[in-house]
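Structure first, commentary second.
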Amino acid sequence: MKKPGKKHVHSPLTAKERKQVAKLAALPDSKIDYSDIPPLTEKFWKNAVRNPFYRPVKQQLTVRLDADVVAWLREQGKGYQTRMNALLREAMLEDVAG
């Protein structure tokens, strides 16, 4: 069995590094040189996929739902909470996009 490796821990920024970061953050976009970054075309976005490793953080909570709504979700089989989350996410995305 292997021992777990030590994770690389970054040390806090020095005063000089904090000053450099603040100076860069204060630059307006018009002063940033983007010449070494190719522009993203419609072709790129057409083939783009959402990060397959992305998993939103779940939050446990108590919610009161009408009994018929819960029965409807449960009668569709195992995973009713996941379906509930999917329905709410779909409604949220419609609202945000609309």
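Only the coordinates and a few stated rules stand behind these numbers; no lab work does. Given the structure is predicted, the values throughout are model-derived calculations rather than measurements. Glycine gets a Cβ as well: all are built from the backbone with ideal geometry, and neighbour counts include every protein chain shown.
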Legend entry - Paired Rg and Dmax values of the chain, which use every Cα atom, in angstrom: 23.5, 62
Inset, instruction - Over all directions, average the projected area of the Cα convex hull of region 58-98 and note it in nm². - result: 3.6 nm²
Legend entry - For region 58-98, size of Cβ-based charge dipole, Lys and Arg +1, Asp and Glu -1, in debye: 300 debye
Legend entry - Residue order, fewest to most surrounding Cβ atoms within 10 angstrom, among F53, F44: F53, F44
